[in-house]
Amino acid sequence: MKYTTRRAVGLGLTGLTALAAFFIVGMLALILLDVARNGAHHLSWTFLTQPPSDGMMGGGIFPAIFGTAALTLLMTVAVMPVGVLTAVYLHEYAPPESRFARWVRVAVVNLAGVPSIVFGLFGLGFFILFVGGNLDRMLGYEEMHWAQPGILWASLTLAVLTLPVVIVSTEEALRAVPLEQRTASLALGATQSQTLARVVLPGALPGILTGAVLAISRGAGEVAPILFTGAAYFLPDLPTHLDSQFMHLGYHTYVMATQSPNVTEASGPLYATVLVLLALTFALNLVAVIIRTRTRRKAASAH
């Protein structure tokens with residue numbers, strides 16, 4: 001009787017978890033199908049390679065594609081070293097009872113819960129007005145050069161937003177490296193730094209790259225932080241310098257959905273823009289996943 005009850009409970013829990021997973025996958029599939037059904041017919045070579053025209057009702061979205069990809073890559077380059085180094089300090093070097101390490105962890109947890117619009121205001125106040133203003137004064141610019149929105153400040157703002165994701169995932173990856181490997185390395189005479197560089201970090205690299213994937217997924221679609229730090233309403237030119245403003249697929253979608261004089265006519269380009277944004281995000285994630293998979297295979301073959 002007890003065995004039958006336990007089996008029934010187990011089957012019930014399995015069914016509930018399977019139903020929850022099916023519900024999540026089903027919702028994602030419905031969203032993707034709706035976007036593809038309404039946007040695929042509007043995709044064309046002109047739409048993907050030309051700048052917008054006719055009040056963004058014609059032309060294409062290439063500046064927004066380029067701006068989104070450049071912003072995401074700059075954000076990744078900025079956040080990964082800081083996030084990984086912070087996680088390495090917290091897990092490998094900070095004493096177990098360190099107050100400073102506890103404060104850093106509390107700050108990371110709180111940072112993860114801050115609304116994204118607040119990061120935009122932070123980027124405006126700190127990066128643009130404070131850092132950019134001081135750079136202009138030190139470099140002798142008579143007019144505003146760095147003290148204005150640009151792709152550099154927008155990418156750094158997104159880097160701060162995604163920093164908790166990288167720190168937490170890197171710490172988990174470091175924690176997953178077996179203690180026996182560390183002990184064996186130290187027993188053979190390696191220093192802590194050598195063990196970290198040759199044993200721990202290579203073993204944790206797939207998990208660290210998972211953090212990069214999550215950061216890309218979070219940052220590529222964010223709109224609120226870049227409203228104040230660099231995104232342009234309409235800009236047919238590509239961002240060629242770090243202080244250049246840029247178009248962004250997410251902001252372009254927001255503008256077309258809220259500012260278009262004819263929402264019905266704009267629905268085709270709007271859905272097509274969302275489809276391209278999803279495809280670009282998936283492509284960037286796919287590159288990171290491929291790198292992570294190859295790294296994991298190399299690490300497995302080395303062992």
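The values are calculated or read from the model by the stated rules, or taken from the named source; none is laboratory data. This structure is a prediction, so every number in the text was calculated from the model and none was measured. Reconstructed Cβ throughout: ideal geometry from the backbone, glycine too, with neighbour counts over all protein chains shown. Only protein heavy atoms, including side chains, enter the accessible area calculation; ligands, DNA and RNA are left aside. Shrake-Rupley method; radii C 1.70, N 1.55, O 1.52, S 1.80 Å.
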Open item on the list: Let me understand the stretch 157-284 better: what is its radius of gyration from the alpha carbons, and its Dmax, in angstrom?
Closed with: 21.3, 72
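To the nearest whole percent, what portion of all C-alpha pairs in the stretch 15-137 is separated by more than 25 angstrom? Please report the intermediate quantities before stating the final value.
Working: 4566 of 7503 pairs.
That fraction is 61 percent.
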Task: Calculated over the stretch 149-197: convex hull of Cα atoms, volume per residue (Å³) - done: 75
Task: E180 versus S116: modelled label distance in nm, points set 7 Å from Cα along the beta carbon direction - done: 4.4
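I'd like the FRET efficiency for I24 and F234, computed as 1/(1 + (r/R0)^6) with the beta carbon distance as r and R0 of 45 Å, rounded to 0.05.
0.75
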Task: 1.4 Å probe accessible area per residue over the chain, in Å² - done: 56
Open item on the list: Just to be sure I understand, if you calculate volume of the Cα convex hull per residue in Å³ for this structure, which of (i) 295; (ii) 215; (iii) 256 do you get?
Closed with: (ii)
TODO: Using only Cα atoms, locate the centre of the stretch 81-144 and the centre of the stretch 63-77, then give the distance between them in Å, rounded to an integer.
DONE: 21
